[in-house]
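Below is one structure, written out as structure tokens; comments come after it.
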Amino acid sequence: MRLGVICPSEIAFRRFMPALQLVDGLEFKGLGIYLRDERFRNEILAENVIQDKLKKEYQKAKAFIDLYGGKIFEGYRTIVESSEIDAIYIPLPPALHYQWAKKALECGKHVLVEKPFTISLEETRELVEMAETRGLALHENYMFNFHQQLNAIEKIIENGEIGDVRLYRISFGFPQREATDFRYNRSLGGGALIDAGGYTIKYASRLLGETAKIKYAQMNYTDRFEVDIYGSAAIVNEKGITAQIAFGMDNEYKCELEVWGSKGCLRTGRVLTAPAGFFPEIIIRKNNRNEKRQLPEDNAFKKSIERFLQCIQNNKIRRANYKEILKQAEMVDEFGRVAGKQ
């Protein structure tokens, strides 16, 4: 299965490609870079600025190809239309996901998209319907969901070691990045909810199951940016079990899970961001005594790519992925409605 990458983004260069090289069944064929009209159609920029950006994009692509092989496709449209490509990986800013995923599906390509899948439930539904009609695979790259530390944590909970669950808390936030980062740009699909918040919603849905509903939600803004910067919510399932989530893009770094049970508490960090080779740890507190345990390491990015390949090869897994992508989009949409975002 021949795969192309749209855009020499940092995550593609630093995380995706090293993981892809470990996956049997997907062959990297090339990298697409934007043409002038694909990137600057709606911007008023001096000619020298445009030329400088085009030059830098090509230089990044050249470094990408020099390291990983393949060839440069000049134009996003060129790579998605190419007969040399069977599947496309899209690590563009969120607002561009729909446009290029739709074009790729129209050209008969399987599509792997960085999270969030799109910036609206309507766009996600349309793409899922298109893929289903054409028998094409879709995958949203929430790689943390494939890390085996989650299975280890769930086993501890299911075994009753900390008793009955009273509350989940999931927190994910990071310090402010450069003001030019797409996360602070509304037109590019920025905002804390669909970036950091998406992780916490995804994990809460996994822990609470199919009946999870958002009961309270808050999106917070600052004077400096036009997008939401931090937020929180309470998500509850039919059994009344609650997950409190909090997230932000202008915060002290935090990536934690706390499970409060009737007989003990479980805490861990890096639950959403553990890289390959890293051994996460949990602390179980019972009767005022702490026990530290090491969780298994894993290459979650590799396993997420393998899931994409399984979606290509297996119709049952493909349908399950459609459902999972839609569930995430519905939860994010519900959050916005409950928080009063129109």
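Since every read-out is calculated from the coordinates, none of them should be taken as a lab result. Please read these numbers as outputs of a predicted model, since none were measured by experiment. Positions of Cβ are backbone-derived with ideal geometry, glycine not excepted, and every protein chain shown enters the neighbour counts.
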Q) Using alpha-carbon pairs under 8 Å, 6+ residues apart, how would you state the relative contact order of the stretch 148-297 in percent? A) 29
Q: Kindly provide the helix-only [θ] at 222 nm of the chain, computed as the sum of -39,500 (n - 2.57) over DSSP H runs of four or more divided by all residues, to the nearest 500 deg cm²/dmol?
A: -11000 deg cm²/dmol
Q: Evaluate the charge dipole of the stretch 121-207 about its Cα centre and quote only its size in Debye, nearest 20, assuming +1 on the Cβ of each Lys and Arg and -1 on the Cβ of each Asp and Glu.
A: 240
Q) List the chymotrypsin sites (Phe, Trp or Tyr not before Pro) in the stretch 201-267 that DSSP assigns to loop (not H, G, I, E or B) and whose Cβ has at most 13 other Cβ atoms within 10 Å. Which are they? A) Tyr253
Q) Could you give the distance between the Cα centres of the stretch 322-342 and the stretch 204-247, to the whole Å? A) 10
Q. Quick one, what does Rg over Rh come out to for the stretch 148-297 if you take C-alpha atoms and the Kirkwood Rh?
A. 1.01
Q: Using a cut-off of 11 Å between beta-carbons, work out the net charge of the residues near Glu140 (Lys and Arg +1, Asp and Glu -1, Glu140 not included).
A: +2
Q. Remind me, relative contact order of the chain in percent, using alpha carbon pairs under 8 angstrom and six or more residues apart?
A. 18
Q | Isotropically averaged projected area of the stretch 196-263, using the convex hull of Cα atoms (one quarter of hull area), nm² | A | 5.4
Q. About its Cα centre, what dipole magnitude does the chain give when the only charges are +1 on Lys and Arg Cβ and -1 on Asp and Glu Cβ, stated in debye to the nearest 20?
A. 680
Q. At what distance in angstrom do the alpha carbon centres of the stretch 104-170 and the stretch 83-103 lie from each other?
A. 18
Q) What order do you get for Val113, Val259 when you list them from fewest to most C-beta neighbours inside 10 Å? A) Val259, Val113
Q: Return the Rg/Rh value of the stretch 1-112, two decimal places, where both radii are evaluated on C-alpha atoms and Rh is the Kirkwood radius.
A: 0.96
Q. Two-decimal Rg/Rh of the stretch 223-319 from alpha-carbon positions, Kirkwood Rh?
A. 1.06
Q. Given a Förster radius of 30 Å and the C-beta distance between Leu35 and Arg224 as r, what FRET efficiency does 1/(1 + (r/R0)^6) yield to the nearest 0.05?
A. 0.35
Q.
Considering the Cα positions of the stretch 59-136, please state its Rg to one decimal place and its Dmax as a whole number of Å.
A. 13.2, 39
**Q.** Mean separation of Cα contacts under 8 Å (6+ apart) over length of the stretch 227-294, as relative contact order %
**A.** 19
**Q.** Surrounding net charge for Gly69, when Lys and Arg each add one and Asp and Glu each subtract one, Cβ distance under 13 Å
**A.** +2
(Q) I'm checking a number: the convex hull volume of the Cα atoms of the chain, normalised per residue, in Å³. What is it? (A) 141
Q.
If I build a Gaussian network model for the chain, linking alpha-carbon pairs within less than 10 angstrom, which residue out of Gln21, Gln148, Gln51 has the largest mean-square fluctuation?
A. Gln51
Q. Considering only Cα-Cα distances, which of the following residue pairs are longer than 27 Å: Lys29/Lys60; Lys71/Lys303; Lys115/Lys302; Lys202/Lys316; Lys109/Lys327; Lys55/Lys202?
A. Lys55/Lys202
Q: At a Cα cut-off below 17 Å, give the lysines reachable from Lys263, other chains included and same-chain residues fewer than 8 away excluded.
A: Lys155, Lys286, Lys292
Q: Please name whichever of Pro275, Asn315, Asn251 sits farthest to the positive end of the charge dipole of the chain, dipole taken about the Cα centre and charges placed at Cβ: Lys and Arg +1, Asp and Glu -1.
A: Pro275
